[in-house]
Amino acid sequence: MSPKPPPLLPRLTERELKRKSAQYRKSLLRLIKACGAGHTGGDLSCIDILNVLYNRVLRVSPETFHSPDRDYYIQSKGHCAEALFVVLADRGFFCEKDLETLNRYRSPYIGHPTREVNGVEQNTGALGHGLAVAVGIALAGKMNRKDYRVFTLLGDGKLTEGSNWEAAMTAAHYRLDNLTAIVDRNGLQITGSTEDICQLAPLDEKFEAFGFSVQRCDGNNVGDLLRVLEAVPFNPGRPSLVLARTRKGKGISFMENAAKWHHGVPNDDEFSRAMAELEAAEAAIE
Amino acid sequence: MEQALANLEVFAATLLELAREDSDLLVVTSDSRGSAKLAPFAKAASGQIVEVGIAEQNLVGVAAGLTAAGKKVFAVSPASFLTARSLEQIKNDLCYSDRPVKAVGISAGVSYGALGTTHHSLHDYAALRAIHNITIVAPADNYETREAVRAAANLPKPVYLRFGKKPMPHLRRVEPGFQLGKASLIREGTDLSFLACGETVAPAYAAAELLAKEGVQCRVLSLHTVKPLDEAAVRKAGSETRAMITVEEHSVNGGLGEACAGLLLQAGIHPPFKIVGFPDEPTVTGSQEEIFRHYGIDGPGLRATALQVLGRT
């Protein structure tokens, strides 16, 4: 067995993670405002999850990204590319300044993640693809007796895609306890409430029935995310599912839980108010 | 012509040879190992086969993931399902993400005969030709199958391999050797060219033999690589022979014939030209042989079409 990649540095404390989330939210807003597009609501709902993954959980860094022993992260929820880019830039996978080209002609930084961007494992964007790919990587890990782990982030609205459930069955069948799927359960999709469009609840029981070991958490609370994500696998021999309750647009009062901010871009006034709220929230972190 | 094995059987045997040479080679199946003649493989290389159940989208996605982690994967499923139900996975998870999975469509075309349109794949060339970053290969006989499987295994790019299940005759080649993207010259002639692929090369050859008795000398090319097309061979045939017929076990829309037609027209080469394939209509019912005969994809049918194209009727 080849040696493990070096542990992730720095391992941020909970307080530092809170600060990081606030900074990421400001970076996100600036980015979306500058390029005039983005999945704002979803970016803000999943940013704490990405923060905890990349700053505490994932054993991957720019130096170890091509190591066969690295942890893998597949962003199945591909439309929240801006959130992933902000975190990858902060972690040094590329220069933050590069993001000024987001969505521009011939830029690798587009509205969905692609392998053209350092740190991205798989091209995603069409919904319901990431879990199967994560299953394949996890299965190869078992076959090759590797210690790496595979994490994937799923949006809740996309769980109506049947391919998720095909992949879930395979994950359980092959007892892939090196696989953790995180559902960004913000309860909203582009048309409205996930439960009005096609009822998903009870998601925990559904994933349990498909063979996952499920834990719930507050997906916008870094402490709660740490508690569950550092505890995987929840059960040996079973894939893990983190049902992370989040709020779309989290952190900006007028964007929270509002479907219209699915891919809304703030005007100048909204941007100023949003940044003021984020500054105040950051200042309040003890 | 001497009947040999079904290309599918040769595919399975070649895969087992490859698996013995490389422990990272995996076959992923969707309850399709029996149909794919892979039961002996599963027995002999049980650690190198992954079953995902009847879930073709998952088949391709899991194959992409296995490949991302260093495995060399052949994902095998009936062509009808693999290239329709999993088309988005082929497009995004393999081609766009550049995962060099070998997607293997078995019992392709109308191999399933009387099972009907649900089980036929007459759309796959058209669908896949329009997707960037995939090589499309339909070998004509056992030799091309063996060579194509080995060549595909060594190509670090996504490949679609298409096989029928009917025993195929051995075809002699004017020039030996096999190369992806390079047509095989099966017969030389200057009166007319048959440009065929997969299981239609044998009937094209049979037609050429019939026509030879009437003094019509036909060139027969196996365009086993539908994409990228051997453009030089097609242009050469268009310039050196008086007429051309393309033959494919596929819709006349979007397949080999239209690929050749587009190429020739843009090159300013326009001999009398006919696309033989499946017209845009409900496919007639029957066995594969009967369906082929109905659409003129047999020796006598292609002979008649050739005489028509040459203006001899």
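Do we have A:N267 as surrounded by fewer than 21 Cβ atoms within 10 Å (Cβ to Cβ) and free of Cβ contacts under 8 Å to residues at least 60 places away in the same chain here?
Here the answer is yes, as A:N267 does meet what is asked.
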Q: Tell me, please, whether a residue that is out of contact with any Cys (no Cβ under 8 Å at 6 or more places or on another chain), crowded, with 18+ Cβ neighbours inside 10 Å, within 14 Å of another protein chain (Cβ to nearest Cβ) and not in a helix (DSSP H, G or I) can be found in region A:211-227.
A: yes
(Q) Conditions first: (1) more than 14 Å from chain B (Cβ to nearest Cβ); (2) in contact with a His (Cβ under 8 Å, 6 or more places away or on another chain); (3) closer than 29 Å to A:G237 by Cβ. A:L50 passes all but one, so which condition is the exception? (A) (2)
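Have a look at A:A231, A:A244, A:A259, A:A274 and point out the one that is under 25 Å from A:R11 (Cβ atoms) and in contact (Cβ under 8 Å) with a residue 40 or more places away in the chain.
Details: A:A231 fails: in contact (Cβ under 8 Å) with a residue 40 or more places away in the chain; A:A259 fails: under 25 Å from A:R11 (Cβ atoms); A:A274 fails: under 25 Å from A:R11 (Cβ atoms).
Exactly one of A:A231, A:A244, A:A259, A:A274 is under 25 Å from A:R11 (Cβ atoms) and in contact (Cβ under 8 Å) with a residue 40 or more places away in the chain, namely A:A244.
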Q: Would you please name the residue that is nearest to the other protein chains (Cβ to nearest Cβ), looking only at residues in region B:96-108 that are of a type in the set (A, V, I, L, M) and under 16 Å from the mean Cα position of the chain (by Cα)?
A: B:A103
Q) When region A:237-286 is examined, which residues are found to be under 17 Å from A:A181 (Cβ atoms) and out of contact with any strand residue (DSSP E or B) (no Cβ under 6 Å at 6 or more places or on another chain)? A) A:G237
Q. Just checking, how many residues over region A:28-70 are surrounded by 18 or more Cβ atoms within 10 Å (Cβ to Cβ) and under 16 Å from A:H263 (Cα atoms)?
A. 16
Q) What single numbered condition from (1) surrounded by 20 or more Cβ atoms within 10 Å (Cβ to Cβ); (2) among the aliphatic types (A, V, I, L, M); (3) more than 9 Å from chain B (Cβ to nearest Cβ); (4) in contact with an Asp or Glu (Cβ under 9 Å, 6 or more places away or on another chain) fails to hold for A:A201? A) (1)
Q) Residues B:S86, B:S46, B:S77, B:S111: which one is more than 14 Å from chain A (Cβ to nearest Cβ) and on the phi < 0 side of the Ramachandran plot? A) B:S111
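Conditions (1) out of contact with any strand residue (DSSP E or B) (no Cβ under 9 Å at 6 or more places or on another chain); (2) in contact (Cβ under 8 Å) with a residue 60 or more places away in the chain, marked per residue:
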residue: B:I90; (1), (2): no, yes
residue: B:D93; (1), (2): yes, no
residue: B:G113; (1), (2): yes, yes
residue: B:D124; (1), (2): no, yes
residue: B:A130; (1), (2): yes, yes
residue: B:Y160; (1), (2): no, yes
residue: B:F163; (1), (2): no, yes
residue: B:K166; (1), (2): no, yes
residue: B:G177; (1), (2): no, no
Q | Long-range neighbours under 8 Å by Cβ, at least six apart or interchain, first residue without any contact (Cβ under 8 Å) to a residue 40 or more places away in the chain and more than 7 Å from every other protein chain (Cβ to nearest Cβ) within region B:55-67, second among the hydroxyl-bearing types (S, T, Y) and not in a helix (DSSP H, G or I) | A | B:E56/B:S30; B:E56/B:S77; B:E56/B:S86; B:L59/B:T29; B:L59/B:S30; B:L59/B:S77; B:L59/B:S86
Q) Residue check: is B:T29 more than 8 Å from chain A (Cβ to nearest Cβ) and free of Cβ contacts under 8 Å to residues at least 60 places away in the same chain? A) yes
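Listed residues B:V252, B:V234; which is in the same structural domain as B:R303 (by TED's automatic domain parsing) and in contact (Cβ under 8 Å) with a residue 40 or more places away in the chain? Break it down into steps so the answer makes sense when it comes.
Details: B:V252 fails: in contact (Cβ under 8 Å) with a residue 40 or more places away in the chain.
Testing whether each residue is in the same structural domain as B:R303 (by TED's automatic domain parsing) and in contact (Cβ under 8 Å) with a residue 40 or more places away in the chain leaves just B:V234.
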Q | Which listed residue, of B:D124, B:D93, is more than 14 Å from chain A (Cβ to nearest Cβ) and closer than 30 Å to A:P113 by Cα | A | B:D124
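Just to check your reading of the model, which residue among B:E290, B:E281 is surrounded by fewer than 17 Cβ atoms within 10 Å (Cβ to Cβ) and in contact (Cβ under 8 Å) with a residue 60 or more places away in the chain?
Result: B:E290 is the single residue among B:E290, B:E281 that is surrounded by fewer than 17 Cβ atoms within 10 Å (Cβ to Cβ) and in contact (Cβ under 8 Å) with a residue 60 or more places away in the chain.
The values are calculated or read from the model by the stated rules, or taken from the named source; none is laboratory data. It should be emphasised that the depicted structure is a prediction, and the values quoted were computed from it without experimental measurement. All Cβ positions, glycine included, derive from the backbone under ideal geometry; neighbour counts span all protein chains shown.
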